[in-house]
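Beneath this line is the structure, given in structure tokens, with notes to follow.
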């Protein structure tokens, strides 16, 4: 178990180091998030108060779209030179490899989200500073859900024809419960509403727990067979 | 033997459905509040229940495939999911027509409607993905994985929408407190049994096609190797 976790951290460090050297996915994802933010400001001509009502929803749409670019790369980057076959044949268990990929994608997506949040606030006159810490907690929980399911589907679609199309078709419907919870909490935090958010929070936590357990258990069948 | 089973299931299901349609349309009195359109319940709800039953059967087959690696379970899972999709579509379309007449709208993001629609979308992804995978073992393993993930997601979708009470258009008794009139219970049950019989016949035909396809694929691969 301990060796598996160490292997996962090793894979995460390898992926992050590769990514920080080229910054391919990171640059593309941040740029894409900013473009979507600008497009939203053209798409919705709303008053300030009305914009607050949909602020959480829009924010999470940006994160999910940007996240697709990150998670899509997690297994595909191992395909050239048959690196994926070598990783699977290595002594570490499949769940370690998977968990390492999830941790790396999680860190990258958190960076994209933390860059996008101030820009989102700036472009749409949204006060996000006051609720930053609870919002950060939510971002950590929901981003974990997005990355663990996204990387699982990235592993699933790595050998699928038209994988760039198949990943969102499979992944986005799966995220609906998580996004409903995250969007509601984000909107309430940005608006400064002090309503009861425990049901939404429970939903996000249950989603994370359920899909973390399922992914870690079933990934062996996908990667090893 | 297998042919006989398919014909028996298909014909008995069709006859049962025709008999039931006659009872629903000609014998049963109209629903007190909604009139004739209220009888849609006897097709609409059993189709949803048949669809849900078949989704769970498909997940059981998917788990069995992962455990045994027996391709018969993969064929059964895809066949059953395709039939379940048809029943879910029947449920969505009949519900939409019913809703248009009674609520004045074709669609609303009500808890049940959303759950059914998301079920349909999740398993549509499953069906779209299968042809994009060439290798039989990989296709079956990945399909089983997606089917299990989708099944785990359905209760969460339901829960997510139920958390916010505003998103419900079905009247209260339908969702929690009401019971069916005793005269309507038998036709309701017969509709479900008829759907299950027809669904089983269709699934068996589809299993046969899936097995034949896998055999052709393997022969084609052998030919390429030669």
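The values are calculated or read from the model by the stated rules, or taken from the named source; none is laboratory data. Predicted model, so just to flag it, every value in this text is computed and none were measured. So basically every Cβ, Gly included, is an ideal-geometry build from the backbone, and we count neighbours across all protein chains shown.
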Can you find, within the stretch A:169-180, the residue that is farthest from the other protein chains (Cβ to nearest Cβ) among those that are buried (at least 23 other Cβ atoms within 10 Å of the Cβ) and under 16 Å from residue B:128 (Cα atoms)?
A:171
Could you please give the count of residues in the stretch A:154-168 that are surrounded by fewer than 18 Cβ atoms within 10 Å (Cβ to Cβ), in a helix (DSSP H, G or I) and either free of Cβ contacts under 8 Å to residues at least 24 places away in the same chain or at the interface with another protein chain (Cβ under 9 Å from one of its Cβ atoms) (or both)?
1
Which of (1) under 30 Å from residue A:49 (Cβ atoms); (2) more than 10 Å from chain B (Cβ to nearest Cβ); (3) in contact (Cβ under 8 Å) with a residue 12 or more places away in the chain is the odd one out, the single condition residue A:193 does not satisfy?
(3)
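Based on what the data block shows, is residue B:143 in a helix (DSSP H, G or I), at pLDDT 90 or above and either crowded, with 20+ Cβ neighbours inside 10 Å or within 14 Å of chain A (Cβ to nearest Cβ) (or both)?
yes
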Would you mind telling me which numbered condition in (1) free of Cβ contacts under 8 Å to residues at least 12 places away in the same chain; (2) under 21 Å from residue A:73 (Cβ atoms) residue A:111 fails?
(1)
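Tell me, yes or no, whether the stretch A:185-199 has at least one residue that is assigned to a helix (DSSP H, G or I) and within 15 Å of the chain's Cα centre (by Cα). Step through it out loud before you land on a result.
The first filter runs over the stretch A:185-199 and keeps only residues assigned to a helix (DSSP H, G or I), leaving A:185-191, A:198-199.
Now drop any that are not within 15 Å of the chain's Cα centre (by Cα), which leaves none.
Looking through the stretch A:185-199, none of the residues is assigned to a helix (DSSP H, G or I) and within 15 Å of the chain's Cα centre (by Cα).
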Failed item, numbered, when residue B:109 is tested on (1) crowded, with 16+ Cβ neighbours inside 10 Å; (2) within 14 Å of chain A (Cβ to nearest Cβ); (3) without any contact (Cβ under 8 Å) to a residue 60 or more places away in the chain
(1)
When every residue in the stretch A:212-225 that is facing chain B (nearest Cβ under 7 Å) and surrounded by 14 or more Cβ atoms within 10 Å (Cβ to Cβ) is compared, the one farthest from residue B:69 (Cα to Cα) is A:214
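Just name the residue that is modelled with the highest pLDDT out of those in the stretch B:163-186 that are assigned to a helix (DSSP H, G or I) and surrounded by 16 or more Cβ atoms within 10 Å (Cβ to Cβ).
Step one: list which residues in the stretch B:163-186 are assigned to a helix (DSSP H, G or I), which gives B:163, B:172-177, B:182-186.
Narrowing the set further to residues that are surrounded by 16 or more Cβ atoms within 10 Å (Cβ to Cβ) leaves B:163, B:184.
Working: B:163: 72, B:184: 87.
For the stretch B:163-186, the residue satisfying everything is B:184.
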Of those in the stretch B:125-140 that are within 19 Å of the chain's Cα centre (by Cα) and buried (at least 17 other Cβ atoms within 10 Å of the Cβ), the residue farthest from the other protein chains (Cβ to nearest Cβ) is B:130
Taking the stretch A:139-151 only, how many residues are at the interface with chain B (Cβ under 9 Å from one of its Cβ atoms) and either more than 22 Å from residue A:202 (Cβ to Cβ) or free of Cβ contacts under 8 Å to residues at least 24 places away in the same chain (or both)?
0
Is there a residue in the stretch B:54-70 that is within 14 Å of chain A (Cβ to nearest Cβ), in contact (Cβ under 8 Å) with a residue 60 or more places away in the chain, assigned to a helix (DSSP H, G or I) and more than 19 Å from the chain's Cα centre (by Cα)?
yes
